[in-house]
Every structure is written in structure tokens, then in C-alpha cells.
Amino acid sequence: MRHPVIVVCLLLACAHAPTSPPPAPTSEWNAPAPTPEATHAINQAWKLVDGGELGKAHALLKSTWEAGHVYPEVAWSAALAAARVGDPTASFTWVERAVRSGFADPAGLRFAKALEPVRQLPGYEALVEQATRNARAAREAAGVGSGLERISARDAGLSEPALAALVKAAEEAGSAGLVLLRHGRLVGEWYFGGESHRIETMSATKGVVALAIGLLIDEGRIPSADTPVSRFFPEWREGLAAKVTVRHLLNHTSGLDAQRSAQDIYDARDFVRHALESRVTEEPGSRFFYNNNAVNLLSGIVERASGEKLDAYLERRLFAPLGIRDFRWDKDPAGNAVGMAGLQLHPVDFAKVGQLMLQKGVWAGQRILSEAWVRECTMAAQPHAPSGGLLWWLVYEQRPTMTLVQPMLDEARANGVPEQTLAKLADLVGRPMVQDVLARALVERLGSEKALTDFESKVLRASYRMTMEGPPEGFAAMGTGGQTVLVFPEYDLVVARMADLDERVAPRAMAFPSLVTRVLDLVRPTPEAATR
């Protein structure tokens with residue numbers, strides 16, 4: 001249930017796969033999560049949508065519901081599929097089913113582009129109101145945000161004009177939620193057109209997976225990050241696979257064969273087995289390649305080391321101590337919690353994870369995670385990606401510059417990209433640009449974001465050259481669509497910004513590239529901050 005935005009952002013932690021609706025929370029925090037079969041059906045349906053087979057997508061979701069998978073996530077996906085087929089009456093029925101079974105995202109009902117004709121039908125606004133009540137009841141039942149004291153922006157020492165500018169910019173970027181913590185206290189929560197609900201963290205999920213590895217190292221169940229993967233999976237005891245360590249999986253240098261798109265993974269029945277059966281094609285540690293396939297293997301390592309599934313282990317060791325009760329974690333059809341993405345959290349609970357990292361692993365006076373592991377996750381982990389830690393990313397105020405390099409065109413040519421296509425990109429080779437500027441230039445020359453995705457799918461070994469300027473300001477977990485928890489230790493500041501993939505803004509705007517600068521304006525405002 002993912003959405004390919006712009007593959008350029010792969011270097012800054014994105015997961016890619018079929019377009020999908022935002023996950024649908026239920027009205028009870030402990031209501032049953034969708035079965036792995038239901039989640040798989042939703043993913044396959046949105047693959048069909050991407051391929052233009054709208055009727056088949058709707059039929060698949062309908063049969064899934066009728067087979068007893070009666071979850072709001074299924075009904076919500078069916079509502080969007082029916083709307084895209086051009087059947088607003090059927091779509092309305094599915095919206096009604098979703099809301100009655102606990103759908104809790106009123107903003108999704110207000111903004112989903114496909115539902116525009118459905119919103120004209122009598123009774124639709126009543127469903128939006130019920131979804132609002134669902135969201136408020138779910139939050140209250142789960143105690144979302146519990147344990148956080150409140151503080152005003154003024155008492156927190158933040159610029160109020162800069163805060164107003166940040167909130168305005170967040171709304172314009174299509175944010176669903178924005179949460180700000182200072183000195184460990186809650187300055188504010190903003191939910192744009194809706195209520196707090198669980199939102200898919202996309203590849204920011206990876207940062208939470210890294211914490212599971214750290215907890216197991218703290219417990220002695222994993223000797224260190226340099227432990228060979230073969231300790232847990234003996235089938236990797238030969239060849240290049242024998243050299244792969246847990247650290248290589250964490251810093252994207254395993255050499256494990258993978259596609260830039262995650263579609264082959266979503267087609268698999270067992271994501272961990274899919275990773276294990278992939279070949280290690282390069283010397284581990286020799287090259288950075290953002291690797292969803294490799295990260296999924298960490299889910300299997302957590303289970304082998306702890307005896308628990310990844311989500312169950314983290315519920316006990318991380319979420320319960322933080323007071324996080326309302327979360328979901330997508331599972332593959334084999335029942336493995338997905339490692340590369342799939343964790344759904346309320347924005348304020350996502351901010352709690354960032355606060356734990358800011359406090360070097362301590363929460364409410366109790367140590368949850370070792371300071372050593374927090375430090376290791378959030379420092380440059382290898383020379384091939386200057387902003388990469390262990391599934392966490394260093395954050396710079398000056399956005400990185402990225403450069404299209406000739407080896408990328410050479411590899412694309414060798415993999416069948418036509419010369420006329422490559423000729424459109426020739427003038428960009430060797431020209432450093434800020435990431436989103438380069439993305440726009442590439443899309444303009446190729447004609448569409450899909451064309452850029454198609455080009456990059458032919459480039460598996462070469463990559464953009466990235467250059468960072470100045471010292472890092474902090475660190476973050478990040479994912480497609482601008483799902484971000486930012487941590488600035490120097491300023492005792494945590495910001496969670498999340499967006500639903502509900503089409504309220506264009507994908508490029510959703511990434512919110514000015515977020516870091518606007519947040520730093522809060523603590524060191526300039527005369528221009530309020531008008532930027």
C-alpha cells in the first residue's frame with residue numbers, strides 16, 4: 001500500500017510500489033487488524049489500478065470483503081476503486097461500510113480526488129461527521145499522546161510568527177498532521193481538515209526497525225551490528241552472502257540484489273524468504289544502494305533473535321513503555337511484519353519516538369534503549385552515503401545537491417532506454433542541483449513522473465552523486481510523501497510531520513522540502529522567517 005512519488009528521493013529514504021489510499025484506522029484502538037490476506041489483496045488491487053484494470057481491482061476487493069475480511073481498510077480501498085470505475089453509487093456504499101466499521105479519517109473523505117462525484121450524493125456529509133466521531137473516539141480510547149505535558153510556544157522560547165508560518169506552509173504542502181515538542185513538552189498538534197488518526201509512516205518505518213535491532217543488541221540476543229546474517233539464517237553461510245552482516249542491512253551496503261521499485265516484493269507471499277532467496281551480487285560494504293529487500297530481512301532476524309514477530313516485540317519493548325497503544329503494522333501473506341514500510345502511527349506518537357531518540361534512549365526517567373545505539377544509528381555510518389546512518393538520516397539545513405552522472409545514462413542505454421530519451425537528459429549531466437530542482441528538471445525533460453520512474457528503473461548500479469554542505473543540524477526518520485520525524489538535539493526540539501496520500505496536493509509539493517529550514521526558524525528566527 002505505497003505510492004511511487006519521485007525516485008530521486010530514494011537517496012533520502014523512500015519506498016516505492018503501487019498507488020494506494022491512506023490506511024484506515026478503526027474506532028477502537030485494539031480492534032482487529034486486517035489479516036495478511038486482506039492487506040495482500042489491497043496491494044494487489046492497487047497494482048491493478050496502476051495498470052488501468054479498475055474493474056478487476058474493484059472485483060478483487062469486493063470478493064475479499066465477501067470472503068469475511070470485513071475491515072475498513074478493505075472498504076475504503078473498494079470505495080476509491082469503485083469511484084475510479086465511474087460508479088459513485090457503489091463507491092458511496094463502500095464509504096458507508098468503511099465508516100460503519102470504524103474508518104477514522106474525515107480528511108480522506110474530504111480530499112480524495114477520486115471521491116469528488118461521490119461527495120455530491122445526499123448523506124455524504126453525515127458520513128464525514130461519523131468518521132470524525134470515530135477518530136475522536138479512537139484517540140480517547142487509546143490515550144493517544146498520553147504522558148506529554150503541554151507548553152505554549154512563547155514559554156518554549158519559540159518564535160510565534162515563525163510557528164504561524166510553519167503551520168501555514170505545512171497545510172499548503174498537503175500535511176495531514178504536524179506535531180511539535182520542545183523540552184519534551186507538547187507545543188502543539190495541527191490536523192488539517194481532519195482529526196488525528198494512524199498514518200502510514202512509509203520508509204520512516206525503517207528507523208523504528210533499527211530500534212528493534214538495538215534493543216536486541218542491548219539484551220545480548222544479537223552480539224553486535226557486525227554479526228553475520230548467517231548466524232540467524234544458515235543458508236547464507238557460503239559465498240558473498242557469508243560476508244553480509246546486520247550492519248550491511250542497516251546501512252544499505254549488503255550487495256543484495258533488489259529492484260528500485262518494491263513491486264516484486266509486494267508480489268511475494270513471504271517477504272523474508274524473498275530476501276533470503278535473492279542473490280548477493282556485490283561485495284558487501286562496497287556500495288550504497290537503497291535496498292527495501294535487504295531491510296525486510298531484518299524482520300526475520302528480529303524473529304529469530306527474540307522468538308517474537310517484529311511488531312509484537314516492539315509493542316512490548318518500545319511502544320508500551322512510550323504509551324503508544326494505537327498502531328498498526330502491515331504484514332505479508334506469511335505473517336511477517338514488513339520491514340521496509342507499513343507501520344501506521346498517530347503523528348503525536350511518531351513524535352514520541354523522536355523524543356526518545358533525543359533523550360538518548362530514556363523515557364520518563366527509565367532507560368528503554370542504550371545511548372550507544374542511539375548514537376550509532378544517527379551518525380554517518382559509511383563513506384558511500386554522507387547523510388546515511390543506520391536506517392536514520394542526518395539532516396542538514398542546506399538541502400543536499402544531487403548530480404546526474406554519465407554512468408547512469410550509460411547503464412540506462414545498456415538496459416534498453418532509447419537514445420532519444422537519453423538525449424533529453426544530456427545537458428543535465430554533471431550539473432549539481434538541489435534535489436527537488438533536479439527532480440523538476442528531469443520530469444520536464446522526460447514528460448512525466450512515470451517516465452522518470454521508468455528511466456530510473458533501468459539504472460540499478462550507478463546513482464546520483466550527492467553532496468552535503470555544512471555540519472548536520474540533527475537527524476530524522478523519513479519516508480515517501482514527506483513522512484518525517486525530525487530531531488534537533490542542540491535545540492531540544494522534535495517535529496513530526498505526516499501526510500496522507502489522499503491527493504490534496506501534487507506529490508512533489510507533499511515532500512515539503514522547506515520543512516527543515518522552517519523548523520529551524522522557530523529557534524533562530526530571521527526577519528524573513530514569517531514571510532518566507
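Nothing in this text is a laboratory measurement; each read-out follows from the coordinates by a stated rule. This one's a predicted model, so the numbers in the text were calculated from it and none came from an experiment. Glycine also receives a Cβ, built like all others from the backbone with ideal geometry; neighbour counts cover every protein chain displayed.
When only DSSP loop residues count, what GluC sites (Glu not before Pro) in the range 177-234 have their Cβ near at most 15 other Cβ atoms within 10 Å?
Loop-located and lightly packed - Glu219.
Which entry in [x] 41, 31, 25; [y] 51, 42, 25; [z] 31, 28, 26 is this structure's computed semi-axes √(5λ) of the Cα gyration tensor in Å?
Step by step, semi-axes √(5λ) of the Cα gyration tensor in Å for this structure corresponds to label [z].
In debye to the nearest 20, how big a dipole does the range 38-167 give about its Cα centre with +1 on each Lys and Arg Cβ and -1 on each Asp and Glu Cβ?
The calculation lands at about 120 debye.
I need the phi-derived Karplus couplings for the range 102-114: 6.51 cos²θ - 1.76 cosθ + 1.60, θ = phi - 60°, integer Hz, Gly and Pro marked x.
x, 3, 10, 10, x, 5, x, 5, 7, 10, 4, 4, 4
Identify the GluC sites (Glu not before Pro) of the range 438-500 meeting these criteria: DSSP loop state and at most 15 other C-beta atoms within 10 Å of the C-beta.
Counting only loop positions with at most 15 other Cβ atoms within 10 Å, the GluC sites (Glu not before Pro) in the range 438-500 are Glu469.
Would you be so kind as to identify which of Val95, His197, Pro223 lies farthest towards the positive end of the dipole of the chain, taking Lys and Arg as +1 and Asp and Glu as -1 on Cβ and the Cα centre as origin?
Value: Pro223.
Along the charge dipole of the chain, pointing to its positive end and built from +1/-1 on Cβ of Lys, Arg, Asp and Glu, which listed residue (Leu452, Met340, Gly184) has its Cα farthest out?
Gly184
What nm distance separates the two modelled labels at Arg154 and Asp267, each placed 7 Å from Cα along Cα→Cβ?
6.0
Taking only the C-alpha atoms, wrap a convex hull around the range 302-434 and report its volume per residue in Å³ as a whole number.
In the range 302-434, the Cα convex hull volume per residue is 193 Å³.
What percent of all Cα-Cα pairs in the range 53-152 falls in each 5 Å bin, counting up from 0?
Over the range 53-152, the share of Cα pairs per 5 Å bin runs 2, 14, 22, 21, 15, 10, 6, 4, 3, 2, 0 percent.
Given Cα pairs under 8 Å that are at least 6 residues apart, what percent is the relative contact order of the chain?
Dividing the mean separation by the residue count of the chain yields 20 percent.
With helices defined as uninterrupted DSSP H runs, which ones in the chain have an alpha carbon span along their own long axis of at least 15 Å and mean Kyte-Doolittle hydropathy of at least 0.5?
Both cut-offs are met by 72-85, 205-218, 347-358.
Full-extension gain between Ser370 and Ala59, please, as 0.36 nm times their residue separation minus the C-alpha to C-alpha distance.
107.0 nm
For the range 490-504, take each phi angle, set θ = phi - 60°, evaluate the Karplus expression 6.51 cos²θ - 1.76 cosθ + 1.60, and give the result in whole Hz per residue in order, putting x for glycine and proline.
4, 9, 6, 9, 10, 10, 10, 10, 9, 9, 7, 7, 10, 6, 6
Along the charge dipole of the range 413-532, which of Met468, Leu493, Pro432 sits closest to the positive end, that is, farthest toward it, with unit charges on the beta carbon of Lys, Arg, Asp and Glu (+1, +1, -1, -1)?
Pro432
Which links in Lys47/Lys450; Lys56/Lys331; Lys113/Lys450; Lys47/Lys331; Lys168/Lys352 stretch past 21 Å when you go from one Cα to the other?
Lys56/Lys331; Lys168/Lys352
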